[in-house]
Structure formats: C-alpha cells, structure tokens
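In what follows, a structure is listed as structure tokens, so that the remarks can point back to it.
The values are calculated or read from the model by the stated rules, or taken from the named source; none is laboratory data. Computed from a predicted structure; not experimentally measured. Counting neighbours? That spans all protein chains shown, and the Cβs are built from the backbone with ideal geometry, glycine included. The accessibility values were calculated without ligands, DNA or RNA, using every heavy atom of the protein model including side chains. Shrake-Rupley method; radii C 1.70, N 1.55, O 1.52, S 1.80 Å.
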Amino acid sequence: MEVAQVSEKNKQQEQEKNEQETPNEEVTEEDVEIIEPEDVEEDELEEETGSREAELEKEVEEWKNRALRAQADLENVRRRAKAEKEEDAKYRVQPLAEELLPVMDNFERAMQTQPDNESTQSFIDGMAMVYNQFRTALEQQGVEEIPAQGEYFDPTIHQAVMQADEEGFESNQIVEEMQKGYRLKDRVLRPSMVKVNN
C-alpha cells in the first residue's frame, strides 16, 4: 500500500513540474519585442570606404615601386652582361698573344745573326718574311709594340731594369730597350724592359 502511494505521489509531482515548464499563456507577435540593428550612419560608411580606398591606393603605389625597381635591376643585369661580353670579345686573343710573345723575341734574336754566306742570308730573309707576317697578324688583332727607345720612362708601360748616366739623354729618358713590350688595345700584355738615364 505504501509503495502505491509513493508512486502516485511521484506521478503527481511530475505532472505539476510539466505544467510549470509549459506556460498556459500563448505568445503573440505583439508580446515579442523585435530588436532591429542600429542604423549605420552614412558618414561612417563613407569614412570606412575612404580609408579602404586610401589603403588600396597605397598598396597599388607600393607594387608599382616594386615593379619599377625589379625592372631597373633587370636592366642593370642586362647592361652588365653586355659590357662583360664586349670586354671578353675585345680581349679574346690575350692568352694566345701572351704565349706568342716569346716566339716573337726568338724571331728577332735569330734575325740579328750575321750571315757568313748567301745561303744563311736567304734563310734569315725567309725568317724575316715569316716574322713580318706573324707581326701583321698580331697587329690586326690589336697587339702592338710599346714605344721605348728615346721615350720618357712611364711605370705603367715600362719596367726599369738598369740605370745609366749617358750624355745626350735627359733625366728619366730611356737609353736602351732591353726587351720589347707589347699591349693589346689599351691593356699592357708585357711592359718594355728598359735602361733609364739618371
């Protein structure tokens, strides 16, 4: 009997609880307060739009500057590559010319030999012809002798190996050329070895 009373009491409590959760009154549209978002003023919109435009213009200007710098860098690289290519072409014969200078020296020494008969003389004449062709070929490539005898000493193109006190020469004037010097266009391949007057 007690168990039946407890279960009936529990049912009653549940029913009361359900009644409390579900309100009896119906909710109408009039009872609901509609909250509308605040109206944004036109000035604020214009201000936001204006600041956004300024930001975009600033960004565009920055990208333009970057593009101009990149273009200038590319132009500098092109100019440098062109200058290097021209310089390589200008001095392309330098390694060969430097190796041939001792050959020129040996030709000159051989031609200074005094012939003792006609056959020796014709041999020396033949060597002179080869030497002249050789020299002409080098000159066409821009290799030329550095003037020395009687010139004034210039440390950029001459190398003083001896000093002398010779009459008829001024101070710092070259008395004798010991070994010919050569240049390729405006670059010294080998300075002239000279004897300079004090």
Practice prompt. Could you tell me whether any residue of region 92-99 is more than 30 Å from residue 175 (Cα to Cα), modelled with pLDDT under 95, in a loop (DSSP other than H, G, I, E, B) and of a type in the set (Lys, Arg)?
Written response: yes
Worksheet, complete the sentence: Just one listed residue, out of 148, 160, is out of contact with any helix residue (DSSP H, G or I) (no Cβ under 6 Å at 6 or more places or on another chain) and touching a residue at least 40 places away in the same chain (Cβ under 8 Å), and it is 148
Worksheet item: Applying the selection to region 69-91, what residues are assigned to a helix (DSSP H, G or I) and surrounded by 13 or more Cβ atoms within 10 Å (Cβ to Cβ)?
Response: 90
Practice prompt. May I ask you to verify whether residue 98 is open to solvent by less than 100 Å² (accessible area, probe 1.4 Å), of a type in the set (Asp, Glu) and in contact (Cβ under 8 Å) with a residue 24 or more places away in the chain?
Written response: yes
Worksheet item: In region 167-181, is there at least one residue being crowded, with 16+ Cβ neighbours inside 10 Å and out of contact with any strand residue (DSSP E or B) (no Cβ under 6 Å at 6 or more places or on another chain)?
Response: no
Worksheet item: Quick one: is residue 90 basic (Lys, Arg) and either over 27 Å from residue 186 (Cα atoms) or touching a residue at least 24 places away in the same chain (Cβ under 8 Å) (or both)?
Response: yes
Worksheet item: Is it true that residue 33 is of a type outside the set (S, T, N, Q), at pLDDT below 90 and open to solvent by less than 100 Å² (accessible area, probe 1.4 Å)?
Response: no
Practice prompt. Could you please let me know if residue 52 is modelled with pLDDT of 95 or more, more than 16 Å from residue 190 (Cα to Cα) and open to solvent by 80 Å² or more (accessible area, probe 1.4 Å)?
Written response: no
Worksheet, complete the sentence: For region 114-163 the number of residues that are surrounded by fewer than 11 Cβ atoms within 10 Å (Cβ to Cβ), farther than 14 Å from residue 192 by Cα and under 38 Å from the mean Cα position of the chain (by Cα) is 2
Worksheet item: Are any residues in region 182-198 among the polar types (S, T, N, Q) and open to solvent by 60 Å² or more (accessible area, probe 1.4 Å), and if so, which ones?
Response: 198
